[in-house]
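The values are calculated or read from the model by the stated rules, or taken from the named source; none is laboratory data. In this text the structure is predicted, and so the values were computed from the model without any measurement. Here Cβ is always computed from backbone atoms with ideal geometry, including for glycine, and neighbour counts include all displayed protein chains. Just so you know, the surface numbers come from the protein's heavy atoms only, side chains and all, with ligands and any DNA or RNA stripped out. Shrake-Rupley method; radii C 1.70, N 1.55, O 1.52, S 1.80 Å.
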Amino acid sequence: MSWNDSLGDATRYEIAQHGRNRVALALVVAFIPIWLTLVHMIIPSGPIAFHHDVTGRVVELDANQLSMISGAMNAVTLIIGFMMFSAVRRSSDFDRRLVLAGYARSALLVAKLLALGLAAAVVSLYATSVLMLFWMPELLVPFYLSLVLSGLTYGGIGILLGVVFRTELAGMFLIIMISLVDVMVQNPIITPSTGVDGFSLLPTYGAMQNSVGAAFTGDLSLGYFLLGMLWLAGAALIGLVAFHRRTRDHIGRQDPSVPRQQPERTATVVVSVTADGSLRIRSSSGPVLVCSCATDESREARPAVPAEARPDVRTTVLTTDRT
Amino acid sequence: MNPLRVVDLHKAFRGRPVLTGVEFELRTGELFGIIGENGAGKSTLLRILAGELAADRGDIIYGGTLGYCPQKIVLNDELTVEQHLRFFQRAYRRPGLLRAHELVERLGFDQHRGTRAGLLSGGTRQKLNLVIALMHDPDVVLMDEPYQGFDWDNYLNFWSIAEELRDQGRTVLIISHIAHDIDRFDRLRRLRNGQLAEPAITESTLNGTVPATVVTAG
């Protein structure tokens, strides 16, 4: 049974888990079209200035279409963030049990990332398809990839929140707030002063800039795409390190299915004679067994004799202090 | 070699000592019980033995494979019973699921193999929790109140499995607070003040409300 088999199983079950997340599925199926239709109906068409940092120019865009991009990105980030948060939080204890039982931790981690990639790809495809019912972005594939990127970014944030927060409410609230603030403030309808310093620090900044370029101007930037990947890498890395720490096996089994043998141990001890003539033994490494023979009148310590071989010997563990 | 030996184990939470020098060893083919009041540190001890928690100090020497049934049921609600078994088959690197299916049948939830864990009753979830701990036929089984939610028949069923394991040379450590269990153990220790004490206790010191009788064990 190889690592690949473990990865295959873990990925299948991760996808099954996402597939059974009914709240997320309902959000995907219903929220995306409803939200985009509402935005389309409510936000009036008309020119609006947008700071397109990819080209360094202020471009005039249609406010309705720009808001639909924000809406699509908002929906994708919320849904993917929620899916990953929910999956990581719910399976946290289970994953730890699996790892303690011997499951390859790296296979579980990679499976989560693969499932994230698939979820982001599918949800973004659906969101792009719905948006296409209203209007057609100029460069379809880059536009789609920008949405995928925003989903991946929030998947990373979801993993991080899922590891850190134990309650569903706290994590969900944070994902909603982060996504709202992030996506909405980049929309010039809400923040006319887009283009000011600091916007580039927002999680979907790169994805938004590229999606606007793909939808309207045809100007794209690999650097802005990588910005989003950086967010994914940063958030996922912190989350995965936390996951790694949480699933640590404190007894250090390499392979729990193989009997653990008692390691050869060397004790480092200091023997000193106290004022009353008794011996004081202190170990700075490893436990010490001091065997005193009940039938031996000399009370001589015989540490070299295994206790098991001498039924008349009383065995005492003196100390395991480590200095 | 003993299947498990614990030497001078210490653990404190935020400066509050819970274990203050726990020492014991398990023998091959025995049912070993640990009892103690709520908050005595029984589950902490077992979590350390299972590798879930790190001890502050002390040594644990293992002489065989481990099975661990945690007090809190740890399952994935989205996966079916069979998917749980397959997942852990991979974790334990077992060639098949013969033993797992035998245990499932024995505990009477064979008909739920295709059911998602989230839809199972509390008792059946606990059965699955237990099967996961036993399905790889470990040398040492650590169980923390493993029969919570069981009805009387399943409670007896559990003990017949535990005794069978013992008779097959496995070592079974059970944390219990049920007075009925006490005479089932080959040896019994009580966790008090962070240490394992000799077993001469009365049932009135347990959580149960059974009239006090002196217990002898060991």
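Results, tabulated for the structure shown:
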read-out	value
Whole-number D in µm²/s for segment B:65-111 (Stokes-Einstein; Kirkwood sum over Cα pairs; 4 °C, 1.567 mPa s)	110 µm²/s
Area of residue A:134 that stays accessible when all protein chains are in place (1.4 Å probe, Å², to 10)	70 Å²
Taking N as its residue count, the alpha carbon Rg of segment A:3-246 over 2.2 N^0.38 Å	1.02
Distant-in-sequence amide H partners of residue B:137 (H built 1.01 Å from N, under 5 Å)	none
Extension gain (nm, one decimal) between residue A:45 and residue A:5, 0.36 nm per residue minus Cα-Cα	9.1 nm
Partners for residue B:127 among lysines (Cα-Cα distance below 27 Å; same-chain residues under 8 apart left out)	B:42, B:72
Gaussian network model of chain B, Cα within-10 Å springs - most flexible of B:85, B:19, B:119	B:119
Nonlocal amide H pairs with residue B:18, under 5 Å, H built at 1.01 Å	B:11, B:12, B:13
Peptides B:51-57, A:221-227 ordered by average Cβ neighbours within 10 Å, highest first	B:51-57, A:221-227
Estimated FRET transfer efficiency (residue A:173, residue A:132; beta-carbon r; R0 30 Å; 0.05)	0.40
Shape call, chain B: gyration tensor on alpha carbons, a/c limit 1.5	prolate
On Cα atoms only, tilt of B:122-134 relative to the major axis of chain B in degrees	80 degrees
Helix B:152-167 axis, angle to chain B major axis (alpha carbon atoms, nearest 10°)	70 degrees
